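The values are calculated or read from the model by the stated rules, or taken from the named source; none is laboratory data. Note that the structure is predicted; figures quoted are calculated from it, not measured. Backbone-built Cβ (ideal geometry, glycine too); neighbour counts: all protein chains shown.
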Amino acid sequence: MEVQHADGRVELDSHDELEHSPLYSHDLAPIKVADRKWNTWDFAALWVSMAHCIPTYALAATLIAAGMSWWQALGTILLGNLIVLVPILLNSHPGTKYGIPFPVFARAAYGVRGSNMPALMRALVACGWFGINAWIGGEAVHTFILSIWSGWNDALGSFGGHTTTEWISFLLFWSLNIAVIYRGMELLRRVERWAAPFVLVMTALLVWWALDRAGGLGPILDRPGKLSGGDFFKVFMPALTGVIAFWSTLSLNMPDFTRFGRSQREQAIGQVVALPTTMTVFAAMGIVITSATAVVFGSEEWDPMKLARHFHSPVIVAIAMFTVIVATLAVNIAANTVSPANDFANAFPKKIRFATGGLITGVIGICMFPWKMMENQQKYLGDWLGGYGGILGSVAGVLVVDYWVIRRAQLKLRDLYAEEGAYTYDRGWHWPAVIATITGCAVAISGRFIDAVSFLYPYSWFLGFGVAASLYYALARRPTAVS
C-alpha cells in the first residue's frame, strides 16, 4: 500500500512482497521517507563539487580557441546551463516524490524491461566520462608525485605514447575511485560536502595569486572576439549544444540523488542556486588565471597540470595537484558512477550490486580509451559532447512528456517493481517510448554522418529532445498507450 505524506512524498508501507520480484533489489528500492536526509546544502554542494572540475575549468578555453571573446564564452556557458537546468529539475521531481532512482523512474515510460534501453544508453556515456576524468585525475597524481620525486617521469620508460609512470598514475587514481564506490552513497555525501568548499577556496587563492602577479586581469580580457554575424552563430550553436550536453547526463539521472531529498523545495533551490552560477564562475576563474599566465610566464596556459609545473616550490605544486585530485574524484564519483552503477544493477537486479556496477563502469571507462577522446577540440566538443548530447536529449524528451504531460506527475510506485502491473505493457516494453527515442536519436545525429543534412548536427540536443518528445506525445496520448 502507498502512503502519501502531507508534503507530497510517497512511500510504500512495506517492501516485503516486492523482495521476491526479479525487478527489485536493495539498491533500486524506493527510499523510505525517514531515510531521505539530503537538504539544500547537500544538493548545492553536489553541484558545486561536480562543476569544479578540470573540464569546466577548460570549457571556456575551447570556446575562446574557436574565436569567441571571454564574455561570449561565459554567456554561452551560462545560457547552456540555464537551458539544461529545466529538464534537470523536471526529472528531479519523481526522485524526491517517490524515492526512486533513474532506471526505476524510466520504467513508467519505457516499461519494466524497456527501461534498460535508456539506462544502458546513459550508463555508456557515464563510462566515457568516468574514463576521461580518471585520465585527468591520473595526470594530477603523476604531477603530484613528480613534485616530490623528479625522476618519477622517466623511471620506467614509456609505451603507447605515454610514460609508464603516467599509466601507473592513471590506474592509481582509477583505483581510488573504485575504493570510494565500494563504501557507498553516505561516503559520497560526506566527500561532496567538504570537497565543494575546499576546491572553491583553493581556486580563489589561485585567482588572487594570478591577479597579484600579473598586476591586473591580463590580455585575454582585453582581447576582442574574432567572430561576428553569421560566423559567430556557426560557432555559437555547436558550442551551446556542447555546453548543454555537458550536463545532459544529469538531466536524466538526477533522481539517483533527489531520491534522498527531504523536500522538493530544498532539492530545487539547491540546484537552481548552484548549477548555473558555479559553472559560470568556475569557468570565469579559469579565464582569469589563464589570462594572467600570459603576463607571468609569457604564454597562455589553460592546462592546470602544465601550469603547476611552472612553480618551483614542491609544496605549492603538491597542494595544487591535491586540489585537482579532490575535485576530479568528487565529480567522477557523483556524476559518472552513481548512475551507471544503478543502471547496470537495473539490468540484472539480483546479480549486480551498486558496487559491482561501479566496477563495471570503471572497466568500460578504460576500454573507451579516454586519452584518445581528449586529443583535440573536434573530438571532444564535436564528436563526444555533440554526439551523446543528441542521444540523451531524446531520452529526456520522452521522460519529461511521460511524467508531466501524460501522467501529470502520478506514478503507481508498487507497479514499478512488479512483473505484471501498470508498466508491463507488451512483455515489459512500451513501444511508443522506444520508437520515439530511436527516431529522436536518428534525427539528432544524422548530420554527423550524412553530408546533405550536416547543418542539423549543431542542434543535436534540441532536435533529439524536440523530435522524441513530440513523437512520444503523439503515440502515447492514446488511452490504450499508457496505464
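Rundown of residues vs (1) within 16 Å of Ser263 (Cβ to Cβ); (2) acidic (Asp, Glu); (3) surrounded by fewer than 23 Cβ atoms within 10 Å (Cβ to Cβ); (4) in contact (Cβ under 8 Å) with a residue 12 or more places away in the chain, yes/no style:
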| site | (1), (2), (3), (4) |
| --- | --- |
| Ser21 | no, no, yes, yes |
| Ala29 | no, no, yes, yes |
| Lys32 | yes, no, yes, yes |
| Asp42 | yes, yes, yes, yes |
| Ala51 | no, no, no, yes |
| Ala61 | no, no, yes, yes |
| Ala66 | no, no, yes, yes |
| Ser69 | no, no, yes, yes |
| Pro87 | no, no, no, yes |
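Taking the residues in the stretch 238-260 that are closer than 21 Å to Asn346 by Cα and over 15 Å from the mean Cα position of the chain (by Cα) as candidates, determine which candidate is surrounded by the most Cβ atoms within 10 Å (Cβ to Cβ).
It comes out as Arg259.
Kindly indicate whether Ile269 is within 20 Å of Trp41 (Cα to Cα), under 26 Å from the mean Cα position of the chain (by Cα) and either modelled with pLDDT under 85 or in a helix (DSSP H, G or I) (or both).
yes
Can you tell which of Thr258, Thr280, Thr337 is in contact with a helix residue (DSSP H, G or I) (Cβ under 6 Å, 6 or more places away or on another chain) and modelled with pLDDT under 85?
Unique residue meeting the criteria: Thr337.
With the requirement that a residue be of a type in the set (Phe, Trp, Tyr) and within 24 Å of Ile31 (Cβ to Cβ), what does the stretch 404-453 give you?
Hits for the stretch 404-453 are Trp404, Tyr417, Tyr423.
Name the residues in the stretch 178-190 that are surrounded by 13 or more Cβ atoms within 10 Å (Cβ to Cβ), modelled with pLDDT of 70 or more and assigned to a helix (DSSP H, G or I), would you?
Ile178, Val180, Ile181 - these are the residues of the stretch 178-190 that are surrounded by 13 or more Cβ atoms within 10 Å (Cβ to Cβ), modelled with pLDDT of 70 or more and assigned to a helix (DSSP H, G or I).
Which numbered condition in (1) crowded, with 17+ Cβ neighbours inside 10 Å; (2) of a type in the set (A, V, I, L, M); (3) assigned to a helix (DSSP H, G or I) is the only one that Val112 fails?
The one condition Val112 does not meet is (3).
Can you pull out the residues in the stretch 207-237 that are at pLDDT 85 or above and crowded, with 19+ Cβ neighbours inside 10 Å?
Residues satisfying the conditions are Val235, Phe236.
If you check Ala60, Ala44, Ala34, which single one turns out to be in contact with an Asp or Glu (Cβ under 9 Å, 6 or more places away or on another chain) and assigned to a helix (DSSP H, G or I)?
Answer to the selection: Ala34.
Report the residue count in the stretch 293-314 for those that are touching a residue at least 24 places away in the same chain (Cβ under 8 Å), assigned to a helix (DSSP H, G or I) and either more than 13 Å from Leu146 (Cβ to Cβ) or over 31 Å from the mean Cα position of the chain (by Cα) (or both).
6
Note down all Cβ pairs under 9 Å where the first residue falls in the stretch 131-154 and is closer than 15 Å to Thr323 by Cβ, the second is among the basic types (Lys, Arg) and in a helix (DSSP H, G or I), and they're at least six residues apart or on different chains.
Once the first residue is closer than 15 Å to Thr323 by Cβ and sits in the stretch 131-154, its partners that are among the basic types (Lys, Arg) and in a helix (DSSP H, G or I) give Thr143/Lys306.
Which residues, counting only those in the stretch 88-124, are more than 17 Å from Gly440 (Cα to Cα) and among the aromatic types (Phe, Trp, Tyr)?
Tyr98, Phe102, Phe105
Kindly indicate the residue of the stretch 401-443 that is in contact with a Gly (Cβ under 9 Å, 6 or more places away or on another chain) and acidic (Asp, Glu) and also surrounded by the fewest Cβ atoms within 10 Å (Cβ to Cβ) among those meeting that condition.
This residue is Asp426.
Out of all the residues in the stretch 462-483, which are surrounded by 17 or more Cβ atoms within 10 Å (Cβ to Cβ) and at pLDDT below 95?
Within the stretch 462-483, Ala476, Val482 meet the criteria.
For the stretch 205-236, which positions are of a type in the set (A, V, I, L, M, F, W, C) and more than 17 Å from Ala66 (Cα to Cα)?
The answer is Leu205, Leu206, Val207, Trp208, Trp209, Ala210, Leu211, Ala214, Leu217.
Output the residues belonging to the stretch 102-132 that are over 20 Å from Phe354 (Cα atoms) and within 20 Å of the chain's Cα centre (by Cα).
Ile132
Suppose we filter the stretch 203-251 for residues that are closer than 30 Å to Phe311 by Cα, of a type in the set (A, V, I, L, M, F, W, C), in contact with a helix residue (DSSP H, G or I) (Cβ under 7 Å, 6 or more places away or on another chain) and assigned to a helix (DSSP H, G or I); how many remain?
The qualifying residues number 7.
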